[in-house]
Amino acid sequence: MVNRQSFQSKKQQTLASLSTSIPNLFNDAQQKNAVLTKQAVALRKIQETCCLNHPFVIGQPLDLDEQGEAAFNQEFLRNVNKILLRRRREAHADNIVRFIATFLNYTQKQDDPASDRNKKNQAPPDDGHTDDQPSQDPSSTNEDQDDINHERQPSPAEPIPSQDDDPMDEDMPETMSSRFVRVLMTYILKGHTAKSQTVRLRCCQIIALSVSCLGELDEDLYQQLKMVLFERVRDKEPSVRIQAANALSKLEISDEEPDPFDQMNISQKLIHLLRTDSSAEVRRVVILNLELNPTTLPHLIERARDTDALNRRLVFSHALHEHLDDFRTIPVPDLYRLIKWGLNDRDPSVREAATRMITGPWINQAGNNLLEFLERMDVMDMVNMETSEKMLTTLLEKRKDSLSLKFEDEFWQNLTPESVFLARFYIKVLIENEMDDKLEVVLPELTRLAFYIQHYNQLWQQASHDSEAHYEFIVGQLFEIGKNLDYADEVGRRKMYETLKTLALIPDIPEEYLEHIADLLSLVAMDEPDYTRMIVDIIGDIQDAVEPDDTDFDGRNKRLRFDDDVVIKVEEGDEPDAAALSIMYGRLKCLTLCKFMLQRCELSLNNNTSIYGILNDMVIPAVQNSEALLREEGLHCLGLACHLDKSVGIHNVPMFIKCVQSGHDELKNKALMTLFDLISKYGYHAIAEKSPDVRSVFEYCLDHDNEKLQATTTEGLAKVMLSRQLKDDEMLKLLTVLYFFPTTMENGSVQQCLTYFFPAYCHSNAENQQSMARIAVSAIQELVDTYLDLQEDEKMIDPKRISEMMADWTDPRQLVVPEQQETNKGVQGPMALEVVQVLVTCNKNDDGK
Amino acid sequence: QLEPDEPQDNPFSIMSSQQETDLLSYFDTTLSKTWAGPEHWKLRRARRDIEKPEPSSTQDNTSVAETESPGGPGDAPEHTNKKKLQVDTAIDFLNGEEVREEDIFGKNKRTNITLTQQQMTRDPATLLLPDDQHFSSKQLLRYFLKPKITLLRPKKFLRSRQSDLDDL
DNA sequence: GATGTGTAGCTCGAGCGT
DNA sequence: ACGCTCGAGCTACACATC
């Protein structure tokens, strides 16, 4: 046959020129702007000519020229060899890897009758990196495809097999490309144990980009591939793991067969990498490729706290951005944790990504309706209040210009938790941005607001158990809105006062509402003495209501509601004494209100005499009360009173010290706080002069096993030392040792306070720095000793790092205000000397420096 | 700059200077990257950036600038050369040297190229940030018992309405 | 003695800002 | 798009270990 002969001569030519034609295609393909499909098409043509005995016809039984095929394969692999030793991220080599994938994709599709019909030749997958450029222009890809189909028109002389006569065998029919895939993959898999990390890297990279281009794989080849990846994902080199993880994530996730080595299936392995791989980039690959489902979701959310900022960002900008169909699939606690992390991240780009996620797809999911969105977010749940507030503020900041709301009487009469919440923050954002014209149509008058509060309070008091929380929430939000109003109107102020007083007298008003009331009354009052009188009056009324006749009080449902963890302990068998209980709750409520008032007072006691009465009649007795809660709240009030009068303050210091020494933990903490406040206010010496015990009290609390107490002490000392009221090398050393001490590792408050304190202390002032230099060596000696006999379960920072950090603190170049040159050398010089001395005296124990 | 010793009865005059606020907000920004504590602390590259400008600024702008300038003009072409040389990673598939397969697939019997199971199981917590308490100068500038009042400017929390009227 | 392990310094490139 | 900067990763070297 003529055709056959011409084909044979073409084959001879092609085979003869293989060693130039294929390299030329590779040369073209490596170029930056290469349209890889073009080279793939050309290569396929060569492949057909080499491997077949006839011109290629789709669906025709394979008539293979094994020798020609071998020649083609050999030449192809010879070229592939040249990139296997090319280092990571070399653009030309990377292009060739993409070319290989493109070719595999193309040649495989050509042999597949099913996919050939609709010939939507998908571009080969990206390599999962953030750096990948879209490798191909989709339009050009399709054009090329069309060209090919024209060229592949079977010649008229050839018998044209019917297109639909060939239902696939159960075993896939062997094709030219399937044979090629097997050869190439088998070859590439050989590289997975190569000595050179680059080879392993390149092999995994080829697999990663090619897996989805391979069509149906033989089971044994697939298994082999999977096993290789299972191993490479544990490679010593992070760069190899990155590619292996990438490849693994492209395998069918539905394959749940566990690896006999560690009993983990693909999905589990990816999650394991996501959580434990030390390389941020490996984790990143998984974040970008892991399928979102109920199993993977919590682990992806966890990555919002990844140490790597880019990874954190990708959680918001990628993993949960478009791929999450409905944010309600995230359990509410996780949802709020996620938002809290995102919006409060230290890295601005993460915050930005989190904001975009919420303002974009998430709002869209709620039909772009803010109220619907808030409803879905369940904003009424007070546990997440702070985050809800932050979120709505962020949202409205973004939309403040396009949003124009108008709140009229009808709106205020028909509030829902969501609408009042929205109103509150809309107002807040408008005020912060001084958008006065928009504010005008939004803010209610003071009198009206007082009326609304009253109205919803009535509804609250009458509400059924189901709707109680609903109205309670609305009242709380109205309080907040009230803080933004103008209080010039006399009538409005009076109305507000009456309303607030009524609310204050409600027996089970929540503690935070009492604080709102204290706040709002400060706006209602003419001046501070007026304010104090108002509150004292209300306190009197509360007392009158509780104490004189206790006939209709029932301690259980009339009690003041505090945070859940505050539980008043009733001694065994005391239950019948409900009246006594209710009296106690009443007193507690008065103290709490008094506390809120004192927090807002500035005038000295002499100028605000109405406080004296309350101090003597209520606060002092409470401090001596046997009930712990009353003692605490009384002490708190007394501490606040000490703020207002120096002599009262100084006079009471011994009492506070006593409380720290022998009170219960919560009382200790309150007393300690007061002591630090008094030092801040009146100076360390004014306190220590009369009561030298303070210093030892602080030492005692630094060592205390109550974390909160430790944190208060640390923060207090940080304040006092940063303000340079207390200059005390020994105390500084205690703080330093505490900072690195194994038992403090878990105490985040102490850690983060001191992480701020030490650099700020040392770099703000040369004298401070010298103080640190003086104690550093002995501190590290102590810490090294501690390190050497760490218990099995204890963890501690490596002494080497400790010394690095101390070196950083004592580095004179880091001083914000550079000292005159004299002191510069003098800081670390003596330290070095001291180190040498220590080393000389005991040369068996040496630190890592 | 800080006053070394202030009268003890009025210690917060130290803190009330504008410079003190600046200093603390300086630390608020610089320390916001290292907040996570010693476990995530890294040794910063020596602050050469701060020392670099020094030689030019501390010296007189007459002689030194002249002596260093000869190096300047020579640098510019070097940069472009470097760039061209660096980009030269193209592979010659046609005439390039053959790569020997034993170089590629050479194995190393003794070296372990995979991590042990123990190396693979690290504590996930070490790769997560601790719960951020957002410690900043704000904490240092407030009273424990009156958190809304700053130590710096003890301004009146309650504004007297009487004085508002007076202002008009 | 060879090979594995840990570190210091340098280089290059990703990612950010303009 | 460009250029800069900082940081990750690579190489080379020293040391330890079998």
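The values are calculated or read from the model by the stated rules, or taken from the named source; none is laboratory data. These numbers come from a predicted model, not from an experiment. Backbone-built Cβ (ideal geometry, glycine too); neighbour counts: all protein chains shown.
Has region A:757-771 got at least one residue that is of a type outside the set (Phe, Trp, Tyr), surrounded by fewer than 18 Cβ atoms within 10 Å (Cβ to Cβ) and at pLDDT 95 or above? Checked against the condition, which is being of a type outside the set (Phe, Trp, Tyr), surrounded by fewer than 18 Cβ atoms within 10 Å (Cβ to Cβ) and at pLDDT 95 or above, region A:757-771 yields no hits at all. Would you check if there is a residue in region A:313-329 being surrounded by 15 or more Cβ atoms within 10 Å (Cβ to Cβ), within 16 Å of DNA strand D (Cβ to nearest atom) and within 14 Å of chain B (Cβ to nearest Cβ)? Within region A:313-329, one or more residues are surrounded by 15 or more Cβ atoms within 10 Å (Cβ to Cβ), within 16 Å of DNA strand D (Cβ to nearest atom) and within 14 Å of chain B (Cβ to nearest Cβ).
Assess whether residue A:215 counts as being at pLDDT below 95 and not in a helix (DSSP H, G or I). Against the criterion (at pLDDT below 95 and not in a helix (DSSP H, G or I)), residue A:215 qualifies. For region B:95-137, a residue qualifies if it is farther than 30 Å from residue A:338 by Cβ, buried (at least 16 other Cβ atoms within 10 Å of the Cβ) and more than 7 Å from chain A (Cβ to nearest Cβ), but none of them does.
When the residues of region A:61-88 are filtered to those that are facing chain B (nearest Cβ under 10 Å) and within 16 Å of DNA strand D (Cβ to nearest atom), the one that is surrounded by the fewest Cβ atoms within 10 Å (Cβ to Cβ) is A:87. Residue-level check: of (1) within 14 Å of another protein chain (Cβ to nearest Cβ); (2) out of contact with any Phe, Trp or Tyr (no Cβ under 8 Å at 6 or more places or on another chain); (3) surrounded by fewer than 23 Cβ atoms within 10 Å (Cβ to Cβ), residue A:636 misses just (3).
What residue, among those in region A:80-98 that are at negative phi and not in a helix (DSSP H, G or I), is farthest from DNA strand C (Cβ to nearest atom)? The selected residue is A:85. In region A:654-686, the qualifying residues are those that are within 13 Å of another protein chain (Cβ to nearest Cβ), surrounded by fewer than 24 Cβ atoms within 10 Å (Cβ to Cβ) and aliphatic (A, V, I, L, M), and the one that is farthest from residue A:724 (Cα to Cα) is A:673.
In region A:681-691, the qualifying residues are those that are out of contact with any His (no Cβ under 8 Å at 6 or more places or on another chain) and in a helix (DSSP H, G or I), and the one that is modelled with the lowest pLDDT is A:690.
Right, residue B:156: assigned to a loop (DSSP other than H, G, I, E, B), within 7 Å of chain A (Cβ to nearest Cβ) and modelled with pLDDT under 90 or not? Yes. Scanning region A:26-38 for residues that are surrounded by fewer than 23 Cβ atoms within 10 Å (Cβ to Cβ) and touching a residue at least 40 places away in the same chain (Cβ under 8 Å) turns up A:31, A:32, A:34, A:35, A:38.
Each row is one residue, and each column tells you yes or no for (1) modelled with pLDDT of 95 or more; (2) part of a helix (DSSP H, G or I); (3) within 16 Å of DNA strand D (Cβ to nearest atom); (4) over 25 Å from residue A:183 (Cβ atoms).
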position: A:239; (1), (2), (3), (4): no, yes, yes, yes
position: A:242; (1), (2), (3), (4): no, yes, yes, yes
position: A:256; (1), (2), (3), (4): no, no, no, yes
position: A:292; (1), (2), (3), (4): no, no, no, yes
position: A:299; (1), (2), (3), (4): yes, yes, no, yes
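Taking the conditions (1) without any contact (Cβ under 8 Å) to a residue 12 or more places away in the chain; (2) more than 13 Å from chain B (Cβ to nearest Cβ) in turn, residue A:732 satisfies each one other than (1).
Taken over region A:330-361, the criterion of being in contact (Cβ under 8 Å) with a residue 40 or more places away in the chain and aromatic (Phe, Trp, Tyr) is satisfied by A:336 alone.
Is at least one residue of region A:282-289 away from every other protein chain (no Cβ under 14 Å), away from DNA strand D (no atom under 16 Å from the Cβ), out of contact with any Asp or Glu (no Cβ under 7 Å at 6 or more places or on another chain) and of a type outside the set (Phe, Trp, Tyr)? Yes: region A:282-289 contains one or more residues that are away from every other protein chain (no Cβ under 14 Å), away from DNA strand D (no atom under 16 Å from the Cβ), out of contact with any Asp or Glu (no Cβ under 7 Å at 6 or more places or on another chain) and of a type outside the set (Phe, Trp, Tyr). Please work out which residue is nearest to the other protein chains (Cβ to nearest Cβ), limiting yourself to region A:187-225 and to residues that are within 16 Å of DNA strand D (Cβ to nearest atom) and surrounded by fewer than 21 Cβ atoms within 10 Å (Cβ to Cβ). Restricting to residues being within 16 Å of DNA strand D (Cβ to nearest atom) and surrounded by fewer than 21 Cβ atoms within 10 Å (Cβ to Cβ), the top hit is A:195. Say whether the condition of being buried (at least 18 other Cβ atoms within 10 Å of the Cβ), in contact with a Phe, Trp or Tyr (Cβ under 9 Å, 6 or more places away or on another chain) and within 23 Å of residue A:662 (Cα to Cα) is met by at least one residue in region A:725-732. Yes, the conditions are met somewhere in region A:725-732. Within region A:226-237, the set of residues being within 16 Å of DNA strand D (Cβ to nearest atom) and either in a loop (DSSP other than H, G, I, E, B) or away from every other protein chain (no Cβ under 12 Å) (or both) comprises A:233, A:236, A:237.
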